[in-house]
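The values are calculated or read from the model by the stated rules, or taken from the named source; none is laboratory data. Keep in mind that what you see is a predicted model, and the values were worked out from it rather than measured. Neighbour counts run over all protein chains shown; Cβ positions are idealised from the backbone, glycine included.
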Amino acid sequence: MKFFINTPHKVVEEGIEGLLTDPGLTKLDTFPEIKVVLRKNTDKNKVSVISGGGSGHEPAHAGFVGEGMLTAAVCGEIFASPPVDAVLSAIMATTGEKGCLLIIKNYTGDRLNFGLAAEQARAMGLKVETVIVGDDIALGQDVEQRGLAGTLFVHKTAGALAEAGKSLEEVAHIARKAAQRTFSIGLSLEEGQKFQNPEKSRLKTSEAELGLGIHGEPGVESIPMETANALMKRATDRLARYLPAEKKDYALLLNNLGSVTPVEMNVLLHAFRKSELAEQVKYLVGPAPLMTSLNMNGFSLSVLELDEDIVQALTADAAPVSWSIRKFGETSSVPGPELPKPLPFAPSRDEKAKKVIRTIAEELIVLEKELNALDEKVGDGDAGSTFAAGARKLLELQDQLPLADTGQLFATLGRVLARETGGSSGVLLSIMFTRAGNAYKKEKHAGKALDSGLQKMKELGGAREGQRTMIDALQPAFTVLAENGDLGTAAQKAREGADKTMKITHTAFGRSSYLSERSLTGIPDPGAEAVARVLEKLAGI
């Protein structure tokens, strides 16, 4: 497949520069390392509404920055959540006394990075609320529901109230109400092809997919290729199963996932008009590319249950570039905020703490290949490298750490891990240590502080004990430490928890939920194994 690009790794950067010819938009001068698009004239006397996520979904999210919708959008690389620093930059650059609302699609990376940025911003004294959007009904109600194009309804309703000068509580309330009342389903004939290493379609010419996500994930059901009327009926029938039984009024968003031609989108709209659901639709957004999946040859339907407040917010004036024709202008930049330093505290000496840090780091480096080998069987094969990267950085910085102050040390570990350790594991551990540092200020008890950090990790990450994650080892160990137990007992409980993951073959969370029982049996979760091995090493010193 051929593309209008220069080089694959410059697509996102150059695409944003093209968008910034809109005279109402600007960027932080930390671009392109930090990719934040924001209004040129940001009013800090109003609630800031921020969203974002991986690129490849254009015009979402940067195309919806403008009066009446988003104050700023944080852009990651293709299908990759933006880093914590980028989210924090957007918050700091746009948030005044009235506070900020983060609108987060329900994907692990987005929840973790936006969630940690919110925690860091709150520690700086900023008012931040979050709303997580999971509008995809394809996977059913018993698992985490993904965020799809229905997220744009949340952008619009929240943006309208923020523009009207409402309080953060009022803006967050309508955003959450809109999120809870939004339902989406996708259908595609071909998945989107990436600019780098495009792949042959997994679908035959005789097949289509129902219930797929926006990152190239397979649909939940392979269906026969049929007419537009028949395919639309399949989508509306599946969507209708999850709507209230009593008749309601709805707004419809008909989204082009990337490469469906305008005439086909109108054919699909005509097909929708024939459905029973059409009788309940009072407002229409689209058909248009609104939240795409690169060049996916498909569409999605999103419906929002209406009430008077939502109708008023949906129909209020808005001026994002993706919703209207604008003048062609020059790009510009504004100074980016100075981010918190990764080592904010003065170094201090404590030989016992230094030995603990060094022991942990050296053990994780030793385990790198073994953990990667485990992760190749149940994940993407980089768990060991993820832990080892953070470990090497800690060894490099060990003489610069505030070793004599446990609370400062926890907070510093959180910042270092957020910037130096990739993957969800790094962000999860950063969340844990960041909250632990805050908790230690209130009660000088390391075990209780770590347990508090773990609870925040669970809240933002979504996993619980028994779901084949590092939590299966962390939770029993930290419970012991929080109750003044010794390190040897904590290590024993962590080992028991890690060993139990070898028997957990059914979970609705994380990568393991996509694997068969045969693939999981007898193999421990790499994160849990790493925790157990580290605690066993510490217990032996």
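Computed quantities for the displayed model
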read-out: Residues of segment 285-302 satisfying the condition of being outside any loop (DSSP other than H, G, I, E, B), within 22 Å of the chain's Cα centre (by Cα) and over 14 Å from Leu189 (Cα atoms); value: Leu301, Ser302
read-out: Check on Phe3, more than 27 Å from His173 (Cα to Cα) and either modelled with pLDDT of 95 or more or not small (Gly, Ala, Ser) (or both); value: yes
read-out: Options Gly68, Gly52, Gly140, Gly63: the member that is assigned to a loop (DSSP other than H, G, I, E, B), at pLDDT 95 or above and either closer than 25 Å to Ala319 by Cβ or not aliphatic (A, V, I, L, M) (or both); value: Gly68
read-out: Of the criteria (1) surrounded by fewer than 23 Cβ atoms within 10 Å (Cβ to Cβ); (2) more than 16 Å from Val531 (Cβ to Cβ), which one Leu374 fails; value: (2)
read-out: Some residue of segment 70-90 being farther than 26 Å from Ser333 by Cα, out of contact with any Ser or Thr (no Cβ under 8 Å at 6 or more places or on another chain) and in the same structural domain as Val12 (by TED's automatic domain parsing); value: no
read-out: Flag if Val47 is crowded, with 24+ Cβ neighbours inside 10 Å, over 20 Å from Glu420 (Cα atoms), of a type in the set (A, V, I, L, M, F, W, C) and touching a strand residue (DSSP E or B) at 6+ places or on another chain (Cβ under 9 Å); value: yes
read-out: Matching residues, segment 234-251, being buried (at least 18 other Cβ atoms within 10 Å of the Cβ) and under 18 Å from Glu308 (Cβ atoms); value: Tyr250, Ala251
read-out: Residue in segment 146-157 that is among the basic types (Lys, Arg) and either assigned to a loop (DSSP other than H, G, I, E, B) or under 21 Å from Gly462 (Cα atoms) (or both) present; value: yes
read-out: Residue ID - surrounded by the most Cβ atoms within 10 Å (Cβ to Cβ), chosen from residues in segment 28-43 that are modelled with pLDDT of 95 or more, closer than 11 Å to Ala93 by Cα and in contact with a helix residue (DSSP H, G or I) (Cβ under 7 Å, 6 or more places away or on another chain); value: Val36
read-out: Any hit, segment 7-20, residues being in contact with a Gly (Cβ under 7 Å, 6 or more places away or on another chain) and either at pLDDT 95 or above or under 21 Å from Ser332 (Cα atoms) (or both); value: yes
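A quick yes/no check of all residues on (1) under 30 Å from Phe410 (Cβ atoms); (2) aliphatic (A, V, I, L, M):
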residue: Lys274; (1), (2): no, no
residue: Glu279; (1), (2): no, no
residue: Ser322; (1), (2): no, no
residue: Leu367; (1), (2): yes, yes
residue: Glu370; (1), (2): yes, no
